[in-house]
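Have a look at the structure below, then the notes.
The values are calculated or read from the model by the stated rules, or taken from the named source; none is laboratory data. Given the structure is predicted, the values throughout are model-derived calculations rather than measurements. Quick reminder, even Gly has a Cβ in these numbers, built from the backbone with ideal geometry, and neighbours come from all protein chains shown.
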Amino acid sequence: MCGIAGSFESGRPISLSRLREATDMIDYRGPDDYGYLLLSPDDKIREVRRSDSLNGLSDISFSGGLGFRRLSILDLSEKGHQPMRDASGKFAIVFNGEIYNYIEIRETLKDKGYIFKSNSDTEVILNSYIEWGTDCVSRFEGMWSFCIVDGKEKILFCSVDRFGIKPFYYHFGAKEFHFGSEVKQVLHLIGGRSEINRKVLFDYLAAESYGNETEETFFTGIMKLLPGHNIIVDTGKAEFILKRRKYWDLKVNRGVSELTDEKYIKEKIRELFFESVKMRLRSDVEVGTCLSGGIDSSSIVCAVNSVNNLAGRRQKLFTILSGEGKLNEYEYASEVSKCVNGEHITKTVSSSELKREIENLIWHNDEPLLKASMYGGYSVYKLASESGLKVILDGQGHDEFSGGYFTPPYPELLNALKRNGKKDFLKSQIEFLTENEKFSKYGIIFSGYRYSLRKIFHKTFERRFRMKLKKTAAGWFDNDFISENILKSQLYEMQYEDDDYLRNDDFKRKSHSLTRRINLPGILRQVDRNSMAFSVEARVPFLDHRLAEFLFSLPAEHIIRGNVTKYMFRESMRGIVPDRILRRTDKIGFYIDEYLLMRESKDFIKEKFEELDGTDGIFNRNYLLDNTDRMLEDRRNYDSKLWRSLNGIIWKSKFKVK
């Protein structure tokens, strides 16, 4: 787990000082080591290590360079140093992430005659590319972003993992290509040549978006490499050429979607989940686990206890607490910890702490924060770091493809059963809901009509969505800003004309959208930034693509049963996770009371609003100042656009973006 950077120019030398500064500004991503590779126009490569200096090199004309900061997790020796070159010197790589099946791939390559100098997964990636070319990524299980310099073909091969767990940001022009693990690096490499991407900012402010629906970012001219994508940059000509290619997407496996044997399904889920957890325990340093007390994190903790030989050590578990009563999950987390005899490390955070940290938090995230609860994740990684850990397992990813965000979930199930002609199962589920959940039969029938009408009148609902968005944004933001971007909003559910299954299946289409566009990319962005802010590597077992594909492909009745989500996964964890946890249907996570935070920070908020330019062109300064007191007097008056406006203003100032 590390931080990477790169700068390539055609017809003019790269700025060595900018490359060094762009690498050093993320030293928290890799405090253990650093290095550079510098490429001359005559294809000579100059390597600079930690003990060396870039001084004296400024007089040499370099056409490209790679920068690297290392957090040592696998092969802690100097042999794992990056940037790394192959034996021929024609290929070089900077790599951020982990390839969990590197041991198996290395054995395959050894059988083909490759000789390895290290025990690192970096060398496995490099030799895999030499052997299999760009198709090598289909063999990897893990999280990654990397750039390989191919001196033979005069190209740069860049890739991110299937879910985009590890970030890759870049700026491309006809004569330049710059990239980094964080937006701030690319901004620095291009000399600040960027402005606010107004349509992305609008979706964030007005429509509560993470701003991750497309390859665009909050900054014009700075793009992100989308999950499951590669890019190839041809640097062999006077003008660079960039080609994008999607190598993977989350698809429905027809064989899995037709499964009816529940015993087999439960055994398969458990097998895939345990294998994923086991692989993510591969490390040359100690691994801990986040524990909120929910089903996902609790399952990971219990799976670690089942598959890992701790050699007498107790598993370290980290819980952040905030709130009281129903908002405090300590009793659930504590029960899981006792079940595995874990070393339970907890900390209670307050809203006043977030007020002190918010500017630093936005700086690390490169983007305004969607919810105050993001501070919970930030705090748990800080706690892990203070406890001496470099690697921690976390439970993100499962909700998106297992119905976790369907509220309530039963209408989605009934609609899927009706569409698939499963009349007997549909009847039994309606009976269960009316008898056990005490739902109205007429209400259940109405929900079915609602879903049918929504599909028929898709365009009408889209117009209503945009009309409502315009109405709720009015007053808060500049009128021209609203009018300019209301029709550009990318939040409304996209159509899947190229995929018959997703086009015709509401359940799978929504799950796919949450996983690939709307929700998970934004969550993974905060996981990466918040963990790396404290030099901690976060690993997410639910995003093993084999497990994700299996769970996503299951028919709706194996994902939702009655009004309970993740049904078959819960059943697969019987006897492993305490029954009390498996019965939970609420979802809290590391909770921060946003309203309370804002009320306690009222003076701070008003100061930020006062600093706004009256001709800002985005925010309505007078509206914000006139309504802050009213919204913070009573929780019922509160609108989360107040939080997002505060974040947007701080972000705009912090990054000095025009």
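The residues on offer are E216, E262, E195, and the sole one that is outside the structural domain of D528 (by TED's automatic domain parsing), surrounded by fewer than 16 Cβ atoms within 10 Å (Cβ to Cβ) and farther than 30 Å from I105 by Cβ is E195.
Taken together, D52, D75 contain a single residue that is free of Cβ contacts under 8 Å to residues at least 40 places away in the same chain and surrounded by fewer than 19 Cβ atoms within 10 Å (Cβ to Cβ), which is D52. Considering the conditions (1) out of contact with any strand residue (DSSP E or B) (no Cβ under 9 Å at 6 or more places or on another chain); (2) under 29 Å from G395 (Cα atoms); (3) crowded, with 19+ Cβ neighbours inside 10 Å; (4) not hydrophobic (A, V, I, L, M, F, W, C), G648 is excluded by exactly one of them, (1). Residues in the range 82-108 that are of a type outside the set (A, V, I, L, M, F, W, C), out of contact with any strand residue (DSSP E or B) (no Cβ under 6 Å at 6 or more places or on another chain) and part of a loop (DSSP other than H, G, I, E, B): D86, S88, G89, K90, N101. The residues of the range 109-130 that are surrounded by fewer than 16 Cβ atoms within 10 Å (Cβ to Cβ) and in a helix (DSSP H, G or I), listed by number, are K110, D111.
Regarding L469, is this residue modelled with pLDDT of 70 or more, buried (at least 16 other Cβ atoms within 10 Å of the Cβ) and outside any helix (DSSP H, G or I)? Answer is no for this residue. Taking the numbered list (1) without any contact (Cβ under 8 Å) to a residue 40 or more places away in the chain; (2) closer than 22 Å to G151 by Cβ; (3) charged (D, E, K, R) in turn, D111 passes all entries but (2).
Determine if the range 486-501 includes at least one residue that is modelled with pLDDT under 90, assigned to a helix (DSSP H, G or I), surrounded by 19 or more Cβ atoms within 10 Å (Cβ to Cβ) and hydrophobic (A, V, I, L, M, F, W, C). No, the conditions are met nowhere in the range 486-501. All of (1) under 25 Å from V540 (Cα atoms); (2) of a type outside the set (D, E, K, R); (3) in contact with a strand residue (DSSP E or B) (Cβ under 6 Å, 6 or more places away or on another chain) hold for T214 with one exception: (3). Checking each residue in the range 614-645 for being closer than 24 Å to E195 by Cβ, without any contact (Cβ under 8 Å) to a residue 60 or more places away in the chain and not polar (S, T, N, Q) picks out G614, R621.
Annotation: of all residues in the range 7-30 being out of contact with any strand residue (DSSP E or B) (no Cβ under 6 Å at 6 or more places or on another chain) and of a type in the set (A, V, I, L, M, F, W, C), the one that is modelled with the highest pLDDT is M25.
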